[in-house]
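Laboratory data are not the source of any read-out in this text; all were calculated from the coordinates shown. Here the structure is a predicted model, which is why all the values come from computation and not from measurement. All Cβ positions, even for glycine, are placed from backbone atoms using ideal geometry, and neighbour counts span all protein chains on display.
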Amino acid sequence: MTAAANEVRPRRTGPAALVRRYAGLFRVQLSMSMLTAMQYRADFVVKGLIAVLWMAVTLVPVLVVFGVRKTVAGWTFPESLVVVGWFTLLRAVLEGAVSPSLTAVVEHVRHGTLDFVLLKPADAQFLVSTAKIEPWHLVDVFGSLAIFIYAFSKIGRWPSLLNLGTGVASLGLAIIILYSIWILVVSASFWVIKVDNLSYLFGSLFDAARWPITVFRGALRVVFTFVFPIAILTTYPAMALLGRLDGKTAAAALAGGLAFAAIARRVWRRALALYTSASS
């Protein structure tokens, strides 16, 4: 029996009721993750401290480079810190919300236990995407805010309301793209046995997002703009806060983000259709 036959579809409802329903499901998933994390308080504290350590490590390469140069590829040290702030914030989203839940899908596929998700009367992609959240990564969120405050204090001016609004919109778009890429990686587990190498490659590529896109040249510039778009993930949001993002670039980034989301959804649905459950 295929997943298409297994999956129980929810009743059709209006958009408002649907939003309320899934908001309630998200609150339940979040509460369960919080309860699980707080059961082991020492582990909670230790992982929080490790998050602080990794945040400090993230700053080391930038400090080393700007220790010998005043500007790099047209970016000053405070401006580059804005990029690092976005990188730290997105890493909190990736490691705190996206990766823990979706990595579990691989094990479900290997053991044929994805049936338990597909039989629930809710969208399977939503359920697997919110199954596990690691709350100690809130440390990274507060750390990124501290980086932003320090960076703009060194720049000597603060972003306008328009720049803040554009920055928040860019953050939403960056999260959509980050999530969509990870969905594509996880969907590969329906066709191949091991996708661990793909996840490690994804993490390695994401580390490059701590640098402004102008640092890269030639083929790397093309890859990190159109294939693995770290430019949209961190550089464009930083440019938005700094008031340097033009409308044409923002529109192109929006179109690219929506295209990534549509492709990821289509690939996920195709992967589910090919899934053979443990009850087959």
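Every residue, every condition in (1) more than 30 Å from residue 70 (Cα to Cα); (2) in contact with a Ser or Thr (Cβ under 9 Å, 6 or more places away or on another chain); (3) among the hydrophobic types (A, V, I, L, M, F, W, C), yes or no:
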{"residue": "122", "(1), (2), (3)": "yes, no, yes"}
{"residue": "130", "(1), (2), (3)": "yes, yes, no"}
{"residue": "146", "(1), (2), (3)": "no, no, yes"}
{"residue": "157", "(1), (2), (3)": "no, no, no"}
{"residue": "218", "(1), (2), (3)": "no, no, no"}
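Please list, ordered by residue number, the helices (runs of 4 or more DSSP H) wholly in segment 173-280 having 3 or more residues that are of a type in the set (A, V, I, L, M) and over 14 Å from the mean Cα position of the chain (by Cα).
218-222, 236-242, 247-274
Just to be sure I understand the filter: pairs with C-beta atoms under 9 Å, separated by 6 or more residues or on different chains, first member in segment 20-38 and touching a residue at least 12 places away in the same chain (Cβ under 8 Å), second member among the acidic types (Asp, Glu) and loosely packed, with under 14 Cβ neighbours inside 10 Å. Which pairs pass?
37/43
How many residues are surrounded by fewer than 12 Cβ atoms within 10 Å (Cβ to Cβ), part of a helix (DSSP H, G or I), of a type in the set (Val, Ile, Thr) and more than 22 Å from the chain's Cα centre (by Cα) when one looks only at segment 25-82?
The total comes to 3.
Being surrounded by 13 or more Cβ atoms within 10 Å (Cβ to Cβ), without any contact (Cβ under 8 Å) to a residue 24 or more places away in the chain and more than 28 Å from residue 79 (Cα to Cα), is that true of even one residue in segment 252-269?
Looking for residues that are surrounded by 13 or more Cβ atoms within 10 Å (Cβ to Cβ), without any contact (Cβ under 8 Å) to a residue 24 or more places away in the chain and more than 28 Å from residue 79 (Cα to Cα), one finds at least one in segment 252-269, hence yes.
From the list 104, 131, 151, exactly one residue is among the small types (Gly, Ala, Ser) and assigned to a loop (DSSP other than H, G, I, E, B). Which is it?
Answer to the check: 131.
In segment 83-125, what residues are buried (at least 19 other Cβ atoms within 10 Å of the Cβ), free of Cβ contacts under 8 Å to residues at least 60 places away in the same chain and not hydroxyl-bearing (Ser, Thr, Tyr)?
Passing the criteria: 92, 96, 97, 108, 117.
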